[in-house]
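The values are calculated or read from the model by the stated rules, or taken from the named source; none is laboratory data. What you see is a predicted model; the values in this text were computed from it and never measured. Here the Cβ positions follow ideal geometry from the backbone for every residue, glycine too, while neighbour counts run over all protein chains shown. Surface areas here come from the heavy atoms of the whole protein model, side chains and all, with no ligands, DNA or RNA. Shrake-Rupley method; radii C 1.70, N 1.55, O 1.52, S 1.80 Å.
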Amino acid sequence: MSQTTPDPSNPEPTTVSVPDQPAPSAWIEDALAAAVDLPGADAGCVVIIRDATSANLRWANNALTTNGQMHTRTAQVVALATVDGGVASGCLDAPVTSSDEVVALVRRAAELAASGTPDEDAAPLVDGGVDPDMADPPASAGIEAFTGLAQGLGRSFTEAGDHHLFFGFAELAVTTIWLGTSAGTRRRAVERMGRLELNAKHPDLIGSAWVGRSTPDFADIDIAALTAEVLERLSWCENRVELPAGRYETILPGGALADLLIYAYWTMAGRDAREGSTVFSGPGGGTRVGERLATLPITMWSDPRAPRLERAPFAVTGTSLAGLASVHDNGVPVGRQTWLEEGRLATLVETRAELAAMGSPDGADHPGGDQDRPLPWPTENLLVDAGGTATLDEMVRSTKRGLLLTCLWYIREVDPETLLLTGLTRDGVYLVEDGKVTGMVNNFRWNESPVDLLKRITEVGRSEQVLCREWNDWFTLTQVPPVRVPEFNMSTVSKAY
């Protein structure tokens, strides 16, 4: 349901009115009531409705180009049917505009479940509690959030003249989630995600610098400071230095480290580790839980209640992801989960079915008296800290000779057993000599494993909210420090600009 028609010639949006719609908690009740009489939902039913609004602003060549607002409302339905040998699930999702459409989706999902085969991750639905704001209307994001940003950009465009070009975009998305299950769960959460990417280039388009920020509301975005930061980086590009491939002492800003650790987080399924197929598999079987992976006391965790990084504090998923997330866990309360504790691997991602298979009472009867027992997924935020206090600039000033990265991109997996990744550098690799940036270096292809990298980090700076570059379409909420890595493997020179 589109709310706004972008007008490239006008930074003010043209708004199309959309009739007000009721909070969909009543739709969930209608759908769950209908599921009671369906044989294909005799083992339970889950209904998830997401109301999402987003606003965006884009600019190129020192001019605002497009802007817009979008509004969508979608439903995900999971019907659970008793079949020969266990419980099968039928999962469907679709845009919805009425209670009748949600009920129809439940009926089709029940038909799928009744004809399905047993799920390996089946577990009884739990009563995850009732939120008092379940009947509240959705929150929303509007283009007005960019008022200060647009004004600041206008000033920056004017000051740029013919000296440099600005490109970039800003996006703010607010999603309200309602989840109801036949076991009694009635939960509501609001998730906010904002991101800004600002790129500055020389007119020859070779010198290029980038900065990015993550924010839940744009209230903390200082566009003048960001412009000054990206222009300082662009000035470093005026002296261009060619370096060969090799291993260099390298400072990774928090966003670059986040891109690497997010990939590691996505591969932390305990089941896969026990099957011997991942970097977290034990050499003689089992897993590496308890093993020291980092020399420094680095701690990595997820927390749906982390300030300005909030996510739904309950499991919510419309589809199962093997070993990582299960539709049968919908509604289970989620709290803080520590993955790496002072350098040691603390735990891996488990579903309740996997916990039950290993004999954990929490797997069979959650939450075992602890209403905030953390089920790991799908809390899509990541926080990293080791008590460091140095800023990125201070780390540069203490460097005798090395490289300062801006960001990593085009990241791909080479070897799952070591989690060897490859990718390219982008928008600025800088040479640091005697505590000062002395020029821009050519781009490289790199090859590194984030797990191997952990044990080679020699300095960790101050942790702060950052925006990763490669994965920020999917994973925006990170708080990560800059780090120093001796002998970062720049495997080949890249001609990419």
Considering residues that are touching a residue at least 40 places away in the same chain (Cβ under 8 Å) and out of contact with any Phe, Trp or Tyr (no Cβ under 6 Å at 6 or more places or on another chain), the number found within segment 269-292 is 13
Picking from ARG397, ARG426, the residue that is open to solvent by 10 Å² or more (accessible area, probe 1.4 Å), touching a Cys at 6+ places or on another chain (Cβ under 9 Å) and either farther than 13 Å from VAL483 by Cβ or in contact (Cβ under 8 Å) with a residue 60 or more places away in the chain (or both) would be ARG426
Residue hits (segment 14-40; at pLDDT 95 or above and open to solvent by less than 10 Å² (accessible area, probe 1.4 Å)) are ILE28, ALA31, ALA35, GLY40
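If the requirement is being part of a loop (DSSP other than H, G, I, E, B), farther than 22 Å from GLY44 by Cβ and open to solvent by less than 60 Å² (accessible area, probe 1.4 Å), which of these qualifies: ALA139, ALA135?
Details: ALA135 fails: open to solvent by less than 60 Å² (accessible area, probe 1.4 Å).
Going through ALA139, ALA135 in turn, just one is part of a loop (DSSP other than H, G, I, E, B), farther than 22 Å from GLY44 by Cβ and open to solvent by less than 60 Å² (accessible area, probe 1.4 Å): ALA139.
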Pairing a residue in segment 49-72 that is within 24 Å of LEU198 (Cβ to Cβ) and touching a residue at least 12 places away in the same chain (Cβ under 8 Å) with any residue that is of a type in the set (Asp, Glu) and crowded, with 18+ Cβ neighbours inside 10 Å, where Cβ atoms lie under 6 Å and the two sit 6 or more apart in sequence or on different chains, gives ASN56/GLU171
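Of everything in segment 369-427, what is closer than 30 Å to GLY128 by Cβ and modelled with pLDDT of 95 or more? Give them in sequence order. Break it down into steps so the answer makes sense when it comes.
Step one: list which residues in segment 369-427 are closer than 30 Å to GLY128 by Cβ, which gives 369-385.
LEU382, LEU383, VAL384, ASP385 - these are the residues of segment 369-427 that are closer than 30 Å to GLY128 by Cβ and modelled with pLDDT of 95 or more.
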For segment 244-268 the number of residues that are more than 17 Å from ASN447 (Cα to Cα) and either free of Cβ contacts under 8 Å to residues at least 24 places away in the same chain or surrounded by fewer than 18 Cβ atoms within 10 Å (Cβ to Cβ) (or both) is 1
How many residues of segment 65-105 are of a type outside the set (Val, Ile, Thr), surrounded by 17 or more Cβ atoms within 10 Å (Cβ to Cβ) and either under 28 Å from the mean Cα position of the chain (by Cα) or not in a strand (DSSP E or B) (or both)? The answer is 15
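Answer with yes or no whether LEU324 is open to solvent by 10 Å² or more (accessible area, probe 1.4 Å), among the hydrophobic types (A, V, I, L, M, F, W, C) and modelled with pLDDT of 95 or more.
Numbers: open to solvent by 10 Å² or more (accessible area, probe 1.4 Å): yes; among the hydrophobic types (A, V, I, L, M, F, W, C): yes; modelled with pLDDT of 95 or more: no.
It is false that LEU324 is open to solvent by 10 Å² or more (accessible area, probe 1.4 Å), among the hydrophobic types (A, V, I, L, M, F, W, C) and modelled with pLDDT of 95 or more.
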Every listed condition ((1) over 30 Å from PHE218 (Cα atoms); (2) surrounded by fewer than 16 Cβ atoms within 10 Å (Cβ to Cβ)) holds for VAL46 save (2)
Subset of segment 253-286, residues in a helix (DSSP H, G or I) and touching an Asp or Glu at 6+ places or on another chain (Cβ under 6 Å), comes to ASP259, GLY270, ARG271
Within segment 169-225, restricting to residues that are part of a loop (DSSP other than H, G, I, E, B), of a type in the set (Val, Ile, Thr) and open to solvent by 30 Å² or more (accessible area, probe 1.4 Å), the one that is nearest to ARG308 (Cα to Cα) is ILE221
- Message: Residue under question is PRO307, and the condition is that it be open to solvent by 10 Å² or more (accessible area, probe 1.4 Å), more than 23 Å from TRP474 (Cβ to Cβ) and out of contact with any Leu (no Cβ under 8 Å at 6 or more places or on another chain); does it hold?
- Response: no
